[in-house]
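K.L.:
Please find one structure pasted underneath; my questions will follow.
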Amino acid sequence: MSATKKDKNPYKICTWQTETECAGCALSSTLKCRFNWGDLSHFMGIFIMFAIPSIIGVVLGGWGWYLLGWFAFAMFFFHVWESYILCRHCPYYAEEDKTLHCIANYGVYKLWKYAPQPMNRSEKTQLF
């Protein structure tokens with residue numbers, strides 16, 4: 001394992017090990033433990049199928065300026081709130097880097113410290 005990779009994996013989480021070290025893992029075929037551009041493309045394809053018609057409908061309905069509020073809320077939700085209550089508990093968040101490299105929120109700036117413990121009751125309630 002390279003020195004750079006070791007520096008990025010202070011908690012020794014298998015997600016950040018080299019692929020050769022994970023070759024014999026029984027979960028590798030069922031667990032999405034590594035970022036994959038194909039998974040992100042699949043997610044974005046599904047999202048766009050609903051987002052584009054919705055945006056067109058809002059604009060044609062004369063409510064297009066409301067999209068600015070929606071966009072601001074989405075930025076706050078995904079970059080601040082969700083990263084605090086959900087992402088910081090995830091093994092993807094453990095990587096020693098300033099940006100998140102995961103399936104769902106790739107590229108989000110890490111504002112919080114990694115918290116390997118389970119989510120508390122308040123965090124679980126907010127996701128409900």
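The values are calculated or read from the model by the stated rules, or taken from the named source; none is laboratory data. The structure presented is a predicted model; accordingly, all values stated were derived computationally and were not measured. All Cβ positions, glycine included, derive from the backbone under ideal geometry; neighbour counts span all protein chains shown.
K.L.:
Out of all the residues in the range 66-106, which are among the small types (Gly, Ala, Ser) and modelled with pLDDT of 90 or more?
P.N.:
GLY69, ALA72, ALA74, SER83, listed by residue number.
K.L.:
Looking only at residues in the range 1-59 that are β-branched (Val, Ile, Thr) and loosely packed, with under 10 Cβ neighbours inside 10 Å, which one is modelled with the highest pLDDT?
P.N.:
Just the residues of the range 1-59 that are β-branched (Val, Ile, Thr), to begin with: 4, 13, 15, 18, 20, 30, 46, 48, 52, 55-56, 58-59.
Next, only the ones that are loosely packed, with under 10 Cβ neighbours inside 10 Å stay: 4, 20, 30.
Values: THR4: 50, THR20: 81, THR30: 77.
Ranking the qualifying residues of the range 1-59, first place goes to THR20.
Yes/no per residue for (1) more than 26 Å from ASN120 (Cα to Cα); (2) charged (D, E, K, R); (3) in a helix (DSSP H, G or I); (4) more than 17 Å from the chain's Cα centre (by Cα):
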| position | (1), (2), (3), (4) |
| --- | --- |
| CYS22 | yes, no, no, yes |
| GLY45 | yes, no, yes, no |
| MET49 | yes, no, yes, yes |
| ILE56 | yes, no, yes, yes |
| TRP70 | yes, no, yes, yes |
| PHE76 | no, no, yes, no |
| GLU82 | no, yes, yes, no |
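K.L.:
Pick out the one residue from LYS110, LYS98 that is basic (Lys, Arg), under 26 Å from LYS12 (Cβ atoms), surrounded by 12 or more Cβ atoms within 10 Å (Cβ to Cβ) and without any contact (Cβ under 8 Å) to a residue 40 or more places away in the chain.
P.N.:
LYS110
K.L.:
Another question about this same structure. Conditions: (1) under 30 Å from GLU96 (Cα atoms); (2) at pLDDT 75 or above; (3) assigned to a loop (DSSP other than H, G, I, E, B). TRP63 meets all but one. Number of the miss?
P.N.:
All conditions pass for TRP63, except number (1).
K.L.:
Further question on the same structure: Would you mind stating whether ALA104 is assigned to a helix (DSSP H, G or I) and either touching a residue at least 24 places away in the same chain (Cβ under 8 Å) or surrounded by 10 or more Cβ atoms within 10 Å (Cβ to Cβ) (or both)?
P.N.:
no
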